[in-house]
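K.L.:
Okay, here's the structure, questions in a sec.
The values are calculated or read from the model by the stated rules, or taken from the named source; none is laboratory data. Just so we're clear, the structure is a prediction, and the values are computed from it rather than from any experiment. Quick reminder, even Gly has a Cβ in these numbers, built from the backbone with ideal geometry, and neighbours come from all protein chains shown. Remember, those area values only see protein heavy atoms, side chains included, never the ligands or the DNA or RNA. Shrake-Rupley method; radii C 1.70, N 1.55, O 1.52, S 1.80 Å.
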Amino acid sequence: MEIEDIKGRSLPETVLLSIRARNARKAKATPRKRVNDTEIVVASYNVHKCIGTDRRFDPDRTARVIREISPDVIALQEADNRFGDRAGLLDLARLELETGLVPVPVTGNGKGHGWRGNVLLFKRGTVRDVHQLKLPGLEPRGALVAEIDLDEKRSLRVIAAHLGLLRRSRSEQARVVLDIMSSADERPTLLLGDLNEWRLGNRSALNTLHTTFGPTPPAVPTFPSGLPVLALDRIMGNRHDLVSGVEAHDTPLSRVASDHLPLTAYVHL
């Protein structure tokens, strides 16, 4: 990892700014509630195979963090075992009872919840279409693309992705995401996920995404969860003012449940 952060600051400067930002968040009043029924809460959360910073495997703790967020749509990364039978790690039936969230269906994944660790959950609506994409690169990475009819009048396309650790791979994977958006269809589209890119500006491997998803919301640090410095997780929309209120879900529980904090946002439809 480079010593210089996304805006050219030294690592000590970045840590100090992160501490100040966390203190400012703690001093804030109660978080804003959704304005009306046209606004939904979305989130992205790398659950780190349900292993917390205390090295405990605790899927119930992961589910409690999701309940804290109370999202309408949430993309999870690393929700399946990476090797062996790639079994899912969460009790999705119990999560549905407690939150109303159900998974977007995938095929050919054995005992896994999702596609290459990506699980997309939604609270209400109908899945009209879903695609499972294999992303290029040395690591086994993937993305889910779902078309969800939230009700009779509103639909949403969601791209849930987990990009690679290598910069070249991320650049190639970003181009695949753009290929999805290359049609003339301008339906509201969200990109949710752990994009593994801490750089901004010209040094970012995600620069090409700005043509469709820019100007992007502010990059919010989510990693490591104990003292977030790097903005690895992102929520982006293809329309101006589609996404607002992007922030890390920073609570005592979320700081220990995974090495990433969840990222949340409001979406206006």
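K.L.:
Ranked from the most accessible area to the least, with a 1.4 Å probe and all protein chains present, what is the order of Tyr45, Tyr266? Write down the numbers at each step before the final one.
P.N.:
Numbers: Tyr45 0, Tyr266 35 Å².
In descending accessible area the options line up as Tyr266, Tyr45.
K.L.:
A further question follows. Can you put Glu78, Glu186, Glu68 in order of accessible area, largest first, using a 1.4 Å probe? Each step should come with its number before you reach the end.
P.N.:
Values: Glu78 40, Glu186 140, Glu68 80 Å².
Output order, biggest surface exposure first: Glu186, Glu68, Glu78.
K.L.:
Roughly speaking, to the nearest percent, how much of the range 38-267's 1.4 Å accessible area is carbon and sulfur? Kindly include the intermediate steps, with their values, before the conclusion.
P.N.:
Details: 5020 of 9550 Å².
It is 53 percent, rounded to a whole number.
K.L.:
When the dipole is taken about the Cα centre of the range 38-267, and only Lys, Arg (+1) and Asp, Glu (-1) are charged at their Cβ, what size is it in debye, to the nearest 20?
P.N.:
Working: 29 positive and 29 negative charges, 125 e Å.
With only Lys, Arg, Asp and Glu charged at Cβ, the dipole is about 600 debye.
K.L.:
Next up: So how exposed is Arg187, as accessible area in Å² (1.4 Å probe, rounded to 10)?
P.N.:
Surface open to solvent at Arg187 totals about 60 Å².
K.L.:
Please state the relative contact order of the range 38-267 as a whole percent: Cα pairs under 8 Å, 6+ residues apart? The partial results should precede the final answer.
P.N.:
Working: 557 pairs, mean separation 49.2, N = 230.
This gives 21 percent for the range 38-267.
K.L.:
Nearest 0.05, what FRET efficiency do Arg187 and Asn81 give at R0 = 30 Å with Cβ-Cβ as r?
P.N.:
On the way: r = 34 Å, r/R0 = 1.13.
For R0 = 30 Å, the calculated efficiency reads 0.30.
K.L.:
On full extension of the chain, what length is gained from Glu172 through Asn207, given 0.36 nm per residue of separation minus the C-alpha to C-alpha distance? List each step's numbers first, then the result.
P.N.:
Details: separation 35, 0.36 × 35 = 12.60 nm, distance 1.14 nm.
In short, 11.5 nm is gained.
K.L.:
Return the Cα extents of the range 38-267 along principal axes one, two and three, sorted largest first, each rounded to a whole Å.
P.N.:
Principal-axis extents of the range 38-267 (Cα, largest first): 44, 42, 35 Å.
K.L.:
So if the hydrodynamic radius of the range 138-269 is defined as the Kirkwood radius over C-alpha pairs, what does Stokes-Einstein give as its diffusion coefficient at 10 °C and 1.306 mPa s, in µm² per second? Working shown, then result.
P.N.:
Numbers: Rh = 15.4 Å.
D, rounded to a whole number, is 103 µm²/s.
K.L.:
So, for the range 50-168, what is the accessible surface per residue at a probe of 1.4 Å, expressed in square angstrom? The partial results should precede the final answer.
P.N.:
Numbers: 5760 Å² over 119 residues.
Heavy-atom accessible area per residue stands at 48 Å².
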